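The structure appears below as structure tokens.
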Amino acid sequence: MADSKQPGIIKTMTFGDETFEVPFAKGNPGKTREELDEIKRRLRESGDASDGEMVATMGFCAKYQPHTYMTEIPGVMCERDQACVLRDGVTIYCDIYRPANTTEKVPVICAFGPFGKNPSEGMDSWQLMGVPPKTVSQYAKFESPDPGYWCRFGYAVANVDPRGIGNSEGDVHLWGTQDAQDGYDFIEWITAQEWCNGKATMLGNSGVCMAHWRIAAQRPPHLACLAAWEGSGDLYRESYFCGGIPNPDYETHIIDALAVNGYIEDTPAMVAKYPFLNGYYKDKIVDWNKIRIPTYVTAGWVHHHLRGAFEGFRRIRSPKKWMRAHRDFEWPDSYNSENLEDLKKFFDRYLKDIHNGWEFTPRVRIDVMDAYDYDYASKRAEETFPLKRTEYRKVYLNAADGSASYENPSTESEVVYDPKTETTSFVMTFTEDTEITGFMKLHLNVECRGYDNMDLFPWVTKQDAEGNYVPIRVMGAPYRGAWGFLRCSHRELDPKLATDFQPVHTHAGEERMKPGEIVPVDIEMYPHSRIWHAGEKLVVTLAGRFIKTEWFHDTDMNHAVDNGDGMHVIHTGGQHDSYLQIPVVPAKYQVGDYVWRG
């Protein structure tokens, strides 16, 4: 976490009707350009990987230099370190890039996220893995719009250092109401500038989008539309506690990477202290009902923001909303020329009032993955998500032989595995081409022998007819497939949020397991879209820990499991029907041997 050698502070904060003593750690001020250059020089000379890791995780804080200058992009100017005073008197700073030598008022695209507004001055291209060198200009904030593209088309781009980041005043509040209110104030301030046409939007993926969801829910009057690309909305369920299982390392790494002169909210310390969903975590859940502006959402099938992206698309109240679910990773998807042109049409429509036919865009477009780098369908048009024609089928597990089928075994059986060292799998062979698109649900009857809790990490993969693993490759690395999580002591379902296809848990408390007790649990699997051809196999694998693969994001998945010395037991068959419910999508049209899926 931030500098543990420096003493932190405690702030008394109220969320709803609950009050908490929230720790704030002393931040890492970040390195100067000269310090980073020196670290890289030592790295080149010594080959010491530890220095490389340091460069990849530290923040960079640019010098405070308020001035206006012409960038290296022809016709684009930058107003650097412009001051915005928030409602409580705190000053934050932004860099504004906009077309020069024009009297036409322009809309502004805001990037309001915790990553520094001048990353190119201190960081390297490692941040945009999968993006060819020189695709993005040096003026782009990390995971944010590129002024080198947008300013040429009559847009301004505002890179913001939120409260406490870089040279901005105050302490850093991560992903909650304070951050959202600051974003509201910034939107209203920048749209009042004399060069602005009074309309703003927000664009950015991952951590930037996470801030934007929450700002949009504050409903700033001059926020005309939103491009919400790859952003989580419920940090308890989607990051801090996956299925109720603590996973603080990812947040710890983010905190370490930010340049903070003051103090930063110590979210990992809160995770350690408060294991259940309370007012503190609820403050970090987006109030979807309040977002009613035109919104363009993207979701990556292989990304940990996947759940939040679909929750946002499904639950916001805007009558004008679009989803594009893709198989790529967030960074190459965000800067792909085809996607930028598509987004420009959306922005032109709602920020410039250009009637360009955007409304003909299908409400849902999905990539249906197949194998390796290949997709079965790309940007297939659909009306809703989940898809209207979805047929839910149950794939029953059989512990007697590790098989799975559409028939529940009449004979009860069990399989036992050690969660510390073993896994168990169930395999079904498809007799016909089967597309699975939507939400899977895993229903299990489980028992823990020798302990009072089980942490479950299921995932669903594909094998070919000979039983060989068929991965999905993204940026050259194999990706595991569909996944889910559940701490069985958190098995209580939320009656307001849970549906038959998406079990959502309350996480309000725990119910430990009793010796000899067989407990039914429902596990929410993240959305998925993939086709299995006739003869290929669907594999359901269960583990008591996160099994890491070659996928680079797996390095941050370090869950604090609670399995004790117990053995996991999966019961199947008869009254202990355990199954994977799959969303089967039939063809849109079929005649004889001809099949059209769109």
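A few remarks follow.
- For segment 268-364: rounded, prolate or oblate by the Cα gyration tensor [a/c cutoff 1.5]: prolate
- Fewest neighbouring Cβ atoms within 10 Å first, the residues Trp150, Trp532, Trp189, Trp195 line up as Trp195, Trp189, Trp532, Trp150.
- Potential lengthening between His67 and Asp373 on full extension [0.36 nm per residue; Cα-Cα distance subtracted]: 105.5 nm
- Considering only Val561, Tyr594, Ile547, the residue lying farthest towards the positive end of the dipole of segment 513-598 is Tyr594, judged by Cα position with unit charges set on Cβ.
- Assuming charge only on the beta carbon of Lys and Arg (+1) and of Asp and Glu (-1), the dipole of the chain about its Cα centre is about 1680 debye to the nearest 20.
- Basic side chains Lys and Arg get +1 at the Cβ, acidic Asp and Glu get -1 at the Cβ, and with that the dipole of segment 197-281 about its Cα centre reaches some 420 debye.
- Under 12 Å, Cβ to Cβ, from Cys78 - net charge with Lys/Arg +1 and Asp/Glu -1: -1
- Report note on the peptides 534-542, 7-15: ranked by the mean count of other C-beta atoms within 10 Å, highest first, their order is 534-542, 7-15.
- Estimated from helical segments only, the mean residue ellipticity of the chain at 222 nm is -5000 deg cm²/dmol, where each DSSP H run of four or more residues counts as -39500 (n - 2.57).
- Global form of segment 84-212, assessed from the alpha-carbon gyration tensor, a/c cut-off 1.5: oblate
- In terms of other Cβ atoms within 10 Å, Glu524, Glu35 run from fewest to most in the order Glu35, Glu524.
- Contour minus Cα-Cα distance for Ala272 and Arg512 (0.36 nm per residue): 84.5 nm
- Counting only Cβ charges, +1 for Lys and Arg and -1 for Asp and Glu, the dipole size of segment 476-562 around its Cα centre is about 200 debye.
- The packing ranking, built from the mean of other Cβ atoms within 10 Å per residue, places the peptides 130-138, 215-223, 172-180 in the order 172-180, 215-223, 130-138, highest first.
- Computed from the Cβ-Cβ distance with R0 of 41 Å, the FRET efficiency linking Val591 to Asp556 stands at 0.25.
- For segment 545-598: rounded, prolate or oblate by the Cα gyration tensor [a/c cutoff 1.5]: oblate
- Checking the cross-link pairs Lys11/Lys320; Lys344/Lys548; Lys388/Lys420; Lys321/Lys496 against a 30 Å limit on the alpha carbon distance flags Lys11/Lys320; Lys344/Lys548; Lys388/Lys420 as lying beyond it.
- Pairwise label distance in nanometres, Leu493 with Asp565, each label 7 Å out on the Cα-Cβ vector: 3.6
- Cα→Cβ-extended label distance, 7 Å offset, between Ser413 and Asp37, nm: 6.8
- Note on the chain: dipole from Cβ charges, positive end direction compared against Thr14, Gly484, Val85; the farthest Cα belongs to Val85.
- The length gained by stretching the chain between Glu383 and Thr103 to full extension, at 0.36 nm per residue less their Cα-Cα distance, is 96.7 nm.
- Here the peptides 481-492, 409-420 are ranked by packing, the mean other Cβ count within 10 Å, and the order with the highest first is 481-492, 409-420.
- Net charge contributed by nearby residues that have their C-beta within less than 12 Å of Pro503 (K/R +1, D/E -1): -2
- Centre separation in Å (Cα based) which lies between segment 429-451 and segment 489-562: 10
Computed from the coordinates by the stated procedures, all read-outs in this text should not be read as laboratory data. Values in this document were obtained by computation on a predicted structure and should not be read as measured data. Heads up, the Cβs are rebuilt from the backbone with ideal geometry, glycines too, and the neighbour counts pull from every protein chain shown.
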